[in-house]
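Only one structure is covered here, and it is reproduced in the block below.
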Amino acid sequence: MTAELRLRPVRDDDLPEFYRHQLDPEAIRMAAFTADDPADRRAFADHWRRVRTDPGIVSRTVTVDGQVVGHVLAFPVGEQTEVSYWIDRRHWGQGYATRALGSLLRELPQRPVHARAAKDNLGSLAVLRKCGFVIRGEDHAYAAGRGGDVEEYVLELTA
């Protein structure tokens, strides 16, 4: 039996779960590009207020059988659209990130869509490849989740 995965607009009552998800040390290390201080509730609240009020950002809560397991976003970076996602570590390896990102991509009419992932984040790179993204370049940037520069792949979905 396949779990029922759904996307819906982010609600106020989702935010405590998102906050809890972002405090997981292993998830922070894997994601790398996180908030400077994931425990800063004010910064967290400010971030989600911006996300939810910016008409250029598509934000969705990911639920599985009615339980909040994460979120997916599409947002402008200059003239490009990028996507990101965060799935609670307790639910990694079950295909939820791939299904959630695929659902979000079906909502987005624009192409190309871009994504970034730390080169050693094999799980995220697998999700992106399964959704049709291909590596188009490399970059490096400071990653608060690791306290230093991290090499990353820049990926693109064209079709």
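The values are calculated or read from the model by the stated rules, or taken from the named source; none is laboratory data. Quick caveat, the model's predicted, so the values are computed rather than measured. A quick note on method: Cβ atoms are made from the backbone with ideal geometry, for glycine too, and the neighbour counts reach across all protein chains shown. With ligands, DNA and RNA removed, areas are computed over all heavy atoms of the protein, side chains included. Shrake-Rupley method; radii C 1.70, N 1.55, O 1.52, S 1.80 Å.
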Between a residue in the stretch 118-136 that is farther than 15 Å from E156 by Cβ and any residue that is exposed (fewer than 15 other Cβ atoms within 10 Å of the Cβ), which pairs come within a Cβ distance under 6 Å, given they are 6 or more apart or on different chains? K119/E151
Among the numbered criteria (1) under 14 Å from the mean Cα position of the chain (by Cα); (2) open to solvent by 40 Å² or more (accessible area, probe 1.4 Å); (3) modelled with pLDDT of 95 or more, which single criterion is violated by R52? (1)
Where a residue in the stretch 1-14 is touching a residue at least 24 places away in the same chain (Cβ under 8 Å) and its partner, wherever it lies, is open to solvent by 90 Å² or more (accessible area, probe 1.4 Å) and in a loop (DSSP other than H, G, I, E, B), with Cβ under 6 Å and at least six apart: A3/D65; E4/D65
